[in-house]
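Data first, discussion second: the structure below is written as structure tokens.
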Amino acid sequence: MEADDMKVHTTSSAAEFAARVGDWLKLEPVRNNVLLVHALDPNGVPPGQGDPVFSWVTDADGAIVGAAFARLPYRMPLSEMPDAAARALAEHLVTVLPDLEGVAGAAASAKTFAARWAELTGKSAHSERDQWLMVCTETTRPTNAGGGPRMSTQDDLDTVAEWFMAGMRDSGLPPEQIAQRARQLAGGQIAGGRQIVWEDESGTPVGAAGWGLDIAGVVRPAGVFVSPDHRSGGYATLLLGEVTARALENGADATVCTHFLKYESMLAVVEKVGYRRVADFTEYRFE
């Protein structure tokens, strides 16, 4: 099948995207969790430049075969899709969003999109971060926890947002964008009752973690961060294990996370909690 057989549709409306593509995305709710969050979570469209661009690709029979979300300056997450669909998506978006800074998603689809984008624009496409998509369907809380969790409050917002900013330092975003996104993420979690702060046995806050909405039975922990002064205490495992357990106990079928392969120490954490690899993802930067 060729790119000419594909048709690309775009909208700036999350509601329209959800209406058109939501059921298709829910066929693979783990693999498509990021796109489902952008479509269905009221806090899921990050602050950015210009309007968001939601896209989906249909084949010659009108069937949906792929989807994506873009907003500058973020790198565009895309679903797994046929190579012809990925090429067609690049050919369309280069006229709609020529300043796109990168793409991330299922390894083969991201590679095909990035290669076609480079051909069309003359830019180079650098494979910047290899990732594993990981899923957990069962976990137990550690019994040797030091201290314990409490729900975050509005008084924690400044501290947690600063922690989340530090955790996003390698995202490739400019500092002001990181600050906006970190505050939006932390504030939305606190307002929704979906964030905890872990305090050590002396009552000192040592880290925080939040989680997203349950969408099609899948919840994504987001913003797990431990203060640099407390990183030898196993708190990352405690935080991730706690928010994962809460999501599953509250009815989620699965929780999902993205593990960046260069952070080798985190692999032991996510595996200890109960996460397992389900797909390879890659992130590309255009320049």
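The values are calculated or read from the model by the stated rules, or taken from the named source; none is laboratory data. Since the structure is predicted, the reported quantities are computational estimates derived from the model, not experimental observations. Note that we place each Cβ from the backbone using ideal geometry, even for glycine, and neighbour counts take in every protein chain shown. Heads up: the accessible areas ignore ligands, DNA and RNA and are worked out on the full protein's heavy atoms, side chains in. Shrake-Rupley method; radii C 1.70, N 1.55, O 1.52, S 1.80 Å.
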Completion exercise
Of the residues in the stretch 98-133 that are of a type outside the set (A, V, I, L, M, F, W, C), free of Cβ contacts under 8 Å to residues at least 40 places away in the same chain and farther than 21 Å from R71 by Cβ, the one that is least open to solvent (accessible area, probe 1.4 Å) is T112
Problem - Top-ranked residue in the stretch 258-282 [being assigned to a strand (DSSP E or B) and modelled with pLDDT under 95; ranked as surrounded by the most Cβ atoms within 10 Å (Cβ to Cβ)] - result: H259
Practice task
Scan the stretch 130-147 and give yes if some residue there is over 29 Å from G241 (Cα atoms), out of contact with any His (no Cβ under 8 Å at 6 or more places or on another chain) and not in a loop (DSSP other than H, G, I, E, B), otherwise no.
Solution key: no
Practice task
Sort out which residues of the stretch 213-226 are within 19 Å of F260 (Cα to Cα) and either surrounded by fewer than 19 Cβ atoms within 10 Å (Cβ to Cβ) or small (G, A, S) (or both), and write them in order of number.
Solution key: A222, G223
Problem - Residue that is farthest from R20 (Cα to Cα), among those in the stretch 59-97 that are in a strand (DSSP E or B) and open to solvent by less than 20 Å² (accessible area, probe 1.4 Å) - result: M76
Fill in the blank from the handout: Of the listed residues (G210, G188, G193, G203), the one being within 26 Å of L72 (Cβ to Cβ), at pLDDT 90 or above and open to solvent by less than 50 Å² (accessible area, probe 1.4 Å) is G210
Completion exercise
Just one listed residue, out of A68, A15, A63, A19, is under 23 Å from V256 (Cα atoms), among the small types (G, A, S) and modelled with pLDDT of 95 or more, and it is A68
Exercise for the section: Considering only the stretch 98-113, state which residues are in contact with an Asp or Glu (Cβ under 6 Å, 6 or more places away or on another chain) and part of a helix (DSSP H, G or I). Expected result: A107, S109, T112
Completion exercise
V224 fails exactly one of (1) outside any helix (DSSP H, G or I); (2) over 19 Å from A182 (Cβ atoms); (3) of a type outside the set (S, T, N, Q), namely (2)
Exercise for the section: Might you check whether a residue that is assigned to a strand (DSSP E or B) and either under 14 Å from R141 (Cβ atoms) or open to solvent by less than 20 Å² (accessible area, probe 1.4 Å) (or both) occurs anywhere in the stretch 227-249? Expected result: no
Completion exercise
When the stretch 152-185 is checked residue by residue, the ones that are modelled with pLDDT of 90 or more and either part of a helix (DSSP H, G or I) or of a type in the set (V, I, T) (or both) are T153, Q154, D155, D156, L157, D158
Practice task
Consider only pairs whose beta carbons are under 9 Å apart and that are at least six residues apart or on different chains; among these, list those whose first residue lies in the stretch 258-286 and is at positive phi and whose second residue is of a type outside the set (K, R) and open to solvent by 60 Å² or more (accessible area, probe 1.4 Å).
Solution key: G274/T137; G274/E138; G274/T140
Practice task
Six or more apart or on different chains, Cβ under 9 Å: which pairs go from a residue in the stretch 181-203 that's closer than 17 Å to A236 by Cα to one that's surrounded by fewer than 16 Cβ atoms within 10 Å (Cβ to Cβ) and basic (K, R)? Could you list them?
Solution key: I196/R150; V197/R150; W198/R150; E199/R150
Handout entry: Cross-chain or 6+ apart pairs with Cβ under 6 Å, the stretch 1-17 first and more than 17 Å from A70 (Cβ to Cβ), then surrounded by 14 or more Cβ atoms within 10 Å (Cβ to Cβ) and hydrophobic (A, V, I, L, M, F, W, C)
Key = M1/A84; E2/A84; A3/A84; A3/A88; M6/V57; M6/A84; M6/A85; M6/A88
